[in-house]
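Engineer: Before anything else, here's the structure in question.
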Amino acid sequence: MEAFITETEPAQSERRKPRRFPIVMNLRYRLLNGVEGGGESVNIGSGGLFFRSQLVLPKGELIEVELAWPASKEGAPVRLCVHGFVLRSSRAGTAIAISKYEFRATRRLSEEPQPKH
């Protein structure tokens, strides 16, 4: 007799599979259509980001978000760059689906190119 293994569905109260973490960080965003702005993250997970900003953003629009990550690489500040699209947006906040992300180290002031005199 063969054994069949089936996967159970998640409980109805939690529709999202990836876990979200309540992390509050300043961020900047840019839409493909050129609209830019700032805001503050509410929560983030491997599949999505929820943040608050002044604008209600268009559903389905491609978006890039940069968050000032609370870590450093070799003493240089790090930014989390997230690419995705707007799932929903209202005065309460904007939810985006993450399609790609990367951590980028920013230059320290001592590494900035100095103007030539």
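The values are calculated or read from the model by the stated rules, or taken from the named source; none is laboratory data. It should be emphasised that the depicted structure is a prediction, and the values quoted were computed from it without experimental measurement. FYI the Cβ positions are ideal-geometry reconstructions off the backbone, even for glycines, and counts take in every protein chain you see.
Engineer: Looking at the range 29-40, which of its residues are more than 17 Å from LYS100 (Cβ to Cβ) and assigned to a strand (DSSP E or B)?
Structural biologist: GLU36, GLY37, GLY38, GLY39, GLU40
Engineer: A further question follows. In the range 56-81, which residue that is at pLDDT 95 or above and of a type in the set (Val, Ile, Thr) is farthest from MET25 (Cα to Cα)?
Structural biologist: Checking each candidate, the answer is VAL56.
Engineer: While we're on this one: Suppose we filter the range 92-117 for residues that are closer than 20 Å to PRO22 by Cβ and modelled with pLDDT of 95 or more; how many remain?
Structural biologist: So the count comes out to 7.
Engineer: So is GLU40 acidic (Asp, Glu) and free of Cβ contacts under 8 Å to residues at least 24 places away in the same chain or not?
Structural biologist: Yes, satisfied.
Engineer: Checking ILE23 against (1) under 18 Å from GLU102 (Cβ atoms); (2) part of a loop (DSSP other than H, G, I, E, B); (3) at pLDDT 95 or above; (4) not charged (D, E, K, R), only one condition comes out false. Which one?
Structural biologist: (3)
Engineer: Can you tell me which residue among SER46, SER53 is among the hydroxyl-bearing types (Ser, Thr, Tyr), at pLDDT below 95 and within 14 Å of the chain's Cα centre (by Cα)?
Structural biologist: Going through SER46, SER53 in turn, the sole match is SER46.
Engineer: I've got another one for you. Of the residues that sit in the range 31-75 and are among the aliphatic types (A, V, I, L, M) and surrounded by fewer than 12 Cβ atoms within 10 Å (Cβ to Cβ), which one is farthest from ARG91 (Cα to Cα)?
Structural biologist: Of everything passing the filter in the range 31-75, ALA71 is farthest from ARG91 (Cα to Cα).
Engineer: Filter the range 43-62 down to the residues that are assigned to a strand (DSSP E or B) and within 14 Å of LEU87 (Cβ to Cβ) and list them by number.
Structural biologist: Step one: of the range 43-62, the residues assigned to a strand (DSSP E or B) are 43-45, 48-53, 62.
Matches in the range 43-62: ASN43, ILE44, GLY45, GLY48, LEU49, PHE50, PHE51, LEU62.
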